[in-house]
Amino acid sequence: MQTIKTDLSQTNKVIRYFRVGRIIAHTLLGLAIASVVLPLCKTSYRARLIQWWCKKLLAAFNLKVSCYGYIPAQDVQLTKTMFVANHISWSDIHAINSIITLRFIAKSDIINWPVFGYLVSRANTLFIDRSSKRDAKRTIDVAVQSLLAGDNLCLFPEGTTSDGTVLYPFKSSLIQAAIEAKATICPIAIRYPHPDGGVNTDVAYAGETTLIQSMQKILSQKQAVIELHFLKPIAAEEVAKRDRRELTLHIESLIRQQLAL
């Protein structure tokens, strides 16, 4: 895919107001779709609707997606696959969903996001309370059953977001689901590039930055870019014979190497 250049020059008020108008209208449409249409949809049509909605949301923010590496083919139906990625911003989920619709494993805090928490929950997200070991065991069991049923999951094993300049140690517990289900694992390295070759940290939803502040910073940039680097899949046979901690460290090292962190 052709590289898209980041443009961090400031947008004027007219452009920002126009973008906000598009976002509000698209969000209201999303609420209607999530409440009325999705519950009645077949799985394949549901996936296409979610993919379409995420693409249009990113377009409203003028946030461009660049994909590299082993990009999932549109004409090949994946099944029983776990995608594992680093986590920087709220837009990670929408960017990945704009390429391939997945069932995300996300921390329960997301439910409290204004509006977007509801939309994410209606997209069949599997929520986990990371403060509860009992809930972690429940989530692993649900994830195993989901994979065995043919679902494709996405996990952010850092357990939090970063500003993109660091990679926090991966937590290994939920990787166990892929081992037990004998699933394929596809690592994804996520990066928001800066024109100077560094990292565009203003898009991050991390630390003390609020969701609204993160969105405002993206709106103020003429064109932000998110890079999705799809790394070589780890075959189900290799996943099944690896130790959980060893496998987690291997995935982390692959993503760390790709991001040069």
**Asked** Assuming residue 111 fulfils every condition listed in (1) surrounded by fewer than 17 Cβ atoms within 10 Å (Cβ to Cβ); (2) within 23 Å of residue 44 (Cα to Cα) apart from one, which condition is it?
**Response** (2)
**Message:** Here is a check on your reading of the model: is residue 61 in contact with a helix residue (DSSP H, G or I) (Cβ under 6 Å, 6 or more places away or on another chain), farther than 20 Å from residue 259 by Cβ and of a type in the set (Phe, Trp, Tyr)?
**Reply:** yes
**Prompt:** Can you pull out the residues in the stretch 155-166 that are crowded, with 19+ Cβ neighbours inside 10 Å and either over 16 Å from the mean Cα position of the chain (by Cα) or closer than 15 Å to residue 207 by Cβ (or both)?
**Reply:** 158, 161, 162, 164
**Complete:** Of (1) more than 26 Å from residue 258 (Cβ to Cβ); (2) out of contact with any helix residue (DSSP H, G or I) (no Cβ under 6 Å at 6 or more places or on another chain); (3) not aromatic (Phe, Trp, Tyr), residue 111 fails just (2)
**Residues of the stretch 58-96 satisfying the condition of being part of a helix (DSSP H, G or I) and either surrounded by fewer than 22 Cβ atoms within 10 Å (Cβ to Cβ) or out of contact with any Phe, Trp or Tyr (no Cβ under 8 Å at 6 or more places or on another chain) (or both)** = 58, 59, 60, 61, 94, 95
**Message:** I'm checking my understanding of the structure. Among residues of the stretch 14-57 that are among the charged types (D, E, K, R) and assigned to a helix (DSSP H, G or I), which one is farthest from the chain's Cα centre (by Cα)?
**Reply:** 16
**Message:** Going through 192, 205 one at a time, which residue ends up being under 19 Å from the mean Cα position of the chain (by Cα), within 18 Å of residue 63 (Cα to Cα), among the aromatic types (Phe, Trp, Tyr) and at pLDDT 95 or above?
**Reply:** 192
**Prompt:** Of the residues 78, 58, 28, 49, which single one is at pLDDT below 90 and among the hydrophobic types (A, V, I, L, M, F, W, C)?
**Reply:** 78
**Considering residues of the stretch 6-53 that are of a type in the set (Lys, Arg) and closer than 30 Å to residue 78 by Cα only, the residue surrounded by the fewest Cβ atoms within 10 Å (Cβ to Cβ)** = 42
**Complete:** residue 165 meets each of (1) over 14 Å from residue 252 (Cβ atoms); (2) of a type in the set (S, T, N, Q); (3) at pLDDT below 95; (4) in contact with a Ser or Thr (Cβ under 9 Å, 6 or more places away or on another chain) with one exception, condition (3)
**Prompt:** Within the stretch 217-241, can you find the residues that are outside any loop (DSSP other than H, G, I, E, B), surrounded by 14 or more Cβ atoms within 10 Å (Cβ to Cβ) and of a type outside the set (A, V, I, L, M)?
**Reply:** 217, 221, 223, 227, 229, 230
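The values are calculated or read from the model by the stated rules, or taken from the named source; none is laboratory data. Here the structure is a predicted model, which is why all the values come from computation and not from measurement. Every residue, glycine as well, gets a Cβ built from its backbone with ideal geometry; the counts of neighbours run over all protein chains shown.
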